[in-house]
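Trainee: My questions all concern the structure below.
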Amino acid sequence: MASFLSLYNEVEFKIKQAALRMIEQKAENEILKKENETLKEQMSALRLRVEELETRYKLLIMTKTITGKKEITETKREINNLVREIDKCIMLLNQ
């Protein structure tokens, strides 16, 4: 009978330990989920920032290209080409 009681107590103790570990794991899981969401939001914000910087970089390169030319006629020609390209894009969007 004593061995049954000790076995019963041991099983009960192990079940309690497992339940405590499960509670701890659930709490840790919630913390990790929140951290994951925060990191996803940061990643999304960084992606937007990268896109913005790429756009600004392209504009900077274009500006340097236009202003770097010595002749005014070449600059005017380049601006006219850009305006035509913008007009084409607007036409495509309106279709």
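Each row is one residue, and each column tells you yes or no for (1) part of a helix (DSSP H, G or I); (2) loosely packed, with under 10 Cβ neighbours inside 10 Å; (3) at pLDDT 75 or above.
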residue: I66; (1), (2), (3): yes, no, no
residue: T73; (1), (2), (3): yes, yes, no
residue: K76; (1), (2), (3): yes, no, yes
residue: L82; (1), (2), (3): yes, no, yes
residue: D87; (1), (2), (3): yes, no, yes
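Trainee: A follow-up question, please. Report yes if some residue within the range 46-62 is at pLDDT below 85, in a helix (DSSP H, G or I), surrounded by 10 or more Cβ atoms within 10 Å (Cβ to Cβ) and of a type in the set (V, I, T); otherwise report no.
Mentor: Yes, there is a match, as at least one residue in the range 46-62 is at pLDDT below 85, in a helix (DSSP H, G or I), surrounded by 10 or more Cβ atoms within 10 Å (Cβ to Cβ) and of a type in the set (V, I, T).
The values are calculated or read from the model by the stated rules, or taken from the named source; none is laboratory data. What you see is a predicted model; the values in this text were computed from it and never measured. Please note: Cβ atoms are built from the backbone with ideal geometry, for glycine as well, and neighbour counts cover all protein chains shown.
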